[in-house]
Amino acid sequence: MNAVSTRSEPETAAEVTALARQALEHWGVRDCEPELLKYRENAVFRVCLPDGRPAAMRIHRLGYHTDAALRSELQWMAFLQSAGVATPSPVATLSGEPFVLVDTAASTQPRQADCLSWLEGRPVGARGVPLDYSPEQAKRIFTAIGRNMAHMHTITAAWAPPTGFARHAWDFDGFFGANPTWGRFETSPFLDLSRRELVLQAREKAVKALSNHERSARNFGLIHADLVRENVLIHEDAVRIIDFDDCGHGWHMYDLAVALYQNRDEPIYPLIEAALLGGYRQERDLTREDVGALPLFSALRAFAFLGWVQSRVEGDITRDVGLRMSNIAADVVIAYLRCA
C-alpha cells in the first residue's frame, strides 16, 4: 500500500478524541480524559494507564499503513527497546493485542489505535526554528544522535524479523517508482517552470546515481527514516528516539541525510555534520563512498518532500506552508544538480 493517503476522517479534534476514549477501554481505562498533543500524520494523545503510568496513544491516519505494517513497526520498536535502545515500547491491550480498530458514528471507517510507553524529554528542536545551542552543546547532541543511529543499524542487521513482517521501502521504487512512498513529486503544483525544469534534470542525475549505488547488508536495512529534530528527545543528556511511523527498508545514509536536512541553514552546519558522522563512526564504519553520497540522499529526502506536500495541503498544512516547503525542497534538489 502506498503510504500517502488523503486527509482521513474524522476531521475534528473532538471526533478523534472520541475515538481515543473508545480505544482506551481496550486498555482498561475508563476515567481518563485523553490529552491531544499532536494531530498531523496521526493524532497523538497523552493518557494514563490503570496503574498510573503515563502513555502515548496514537489514532492512526486512515490508510497510512496496513494492519501488517503497523504490527511490524511495533515489533521492531519492541525489539529495539529490549536491546537497550531508548525508544517507546508497545503497551498491549488487556487481551494482549498490539493495537485495536475503533470507530464512532462520525467516522467512515475503523481507525487503528495503539498505546506506547511514555518517554520524558525535550525535542532537539522544531522545524523552521533556529537551534539555540552553543557549538559545544550541538557537538555533544549530534554526536550522540549519530552514535545511537549507528547502534540501531548494527543491532537491527543481526535481528531476524518475525514471519509476516512488512514495511514499505525507501529504495529506488520508493523514490522513483510508479507509486512512490510519499507520492509523485513530478506533478507538484508548487513548482514554477524554471524550478520544475531543474528538478527534472536533477531527477535524471539522481536516478543514475542511485541505480549505481551499492545496496548490501552493509549499508541497507531497516531504518527510522524520519530522524528529524522533533523525533529525537534529550533527557538527562541522553538521546531518546520516537515516532517510527515512517520506518522501513532503506539505505543507512538516508537516516543520516534526514537528520541533517533541517540543519543545513544553521551557521554551525559543518560542525553538526561532522559531529553526526563522527558519532556514527564510533559504532559503525562509513566508507568514503558513503559520505560522498550525502548530497544524493539529501536530494532524495527533498524529492520525497515534494511528493508529501501535495497530499497534505488543505488538510495537514496550508497552501502557503506547502509552497514554502516545496521551494526549500526544490532548492536542495537544485543544489544537488549543481554539485560535482
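The values are calculated or read from the model by the stated rules, or taken from the named source; none is laboratory data. Here the structure is a predicted model, which means the values were calculated and not measured. Because the Cβ atoms are built from the backbone with ideal geometry, glycine has one as well, and the counts that use them run over all protein chains shown. These area figures cover heavy atoms from the full protein model, side chains too; ligands, DNA and RNA do not enter into them. Shrake-Rupley method; radii C 1.70, N 1.55, O 1.52, S 1.80 Å.
A few points about this structure:
- Note on the chain: with a GNM built from Cα contacts shorter than 10 Å, the maximum mean-square fluctuation among Gly96, Gly183, Gly322 falls on Gly96.
- Normalising the average separation of contacting C-alpha pairs (under 8 angstrom, six or more residues apart) by the number of residues puts the relative contact order of the chain at 20 percent.
- GNM on the chain, alpha-carbon springs under 10 angstrom: the most fluctuating residue among Tyr280, Tyr254, Tyr133 is Tyr133.
- Share of carbon and sulfur in the accessible heavy-atom surface of segment 12-81 [1.4 Å probe, %]: 50 percent
- Whole-percent carbon and sulfur share, accessible surface of segment 85-195, 1.4 Å: 55 percent
- For the chain, the longest principal axis of the Cα atoms and the long axis of helix 13-24 meet at an angle of about 60 degrees.
- Computed from Cα positions, the angle between helix 319-338 and the longest principal axis of the chain comes to roughly 40 degrees.
- Using alpha-carbon coordinates, inclination of helix 135-157 to the longest axis of the chain, degrees: 70 degrees
- Accessible area in square angstrom per residue, segment 270-315, 1.4 angstrom probe: 39 Å²
- Calculated [222 nm] ellipticity per residue, helices only, for the chain: -13500 deg cm²/dmol; basis is -39500 (n - 2.57) per DSSP H run with n ≥ 4, divided by all residues, nearest 500.
- Surface exposure of segment 195-245, expressed per residue as accessible area with a 1.4 Å probe, stands at 45 Å².
- Charge dipole (debye, nearest 20) of segment 31-88; +1 at Cβ of Lys and Arg, -1 at Cβ of Asp and Glu: 200 debye
- In this calculation the C-beta distance from Arg281 to Arg46 is compared with R0 = 35 Å, giving a FRET efficiency of 0.45.
- Entry comment: accessible area of segment 90-166 is 51 Å² per residue, from protein heavy atoms only and a probe of 1.4 Å.
- Net +/- balance of residues flanking Thr93 in space, Cβ distance below 11 Å, scoring K and R +1, D and E -1: -3
- Take the Cα of Arg215, step 7 Å toward its Cβ, do the same at Tyr269, and the gap between the two points is 2.9 nm.
- In plain terms, the chain from Arg127 to Lys38 could stretch by 30.6 nm, reckoned as 0.36 nm per residue minus the Cα-Cα distance.
- Computed about its Cα centre, the charge dipole of segment 271-340 is approximately 100 debye, with only Lys, Arg, Asp and Glu carrying charge at their Cβ.
- GNM result for the chain, Cα springs below 10 Å: residue of Leu200, Leu296, Leu233 fluctuating most strongly: Leu200
- Accessible area of segment 245-340 belonging to carbon and sulfur atoms, whole % at 1.4 Å probe: 52 percent
- Extension gain for Ser95 to Trp159 (0.36 nm times residue separation, less C-alpha to C-alpha distance): 20.4 nm.
- The peptide list 217-225, 187-195, 114-122, put in order of mean Cβ contacts within 10 Å with the highest first, becomes 217-225, 114-122, 187-195.
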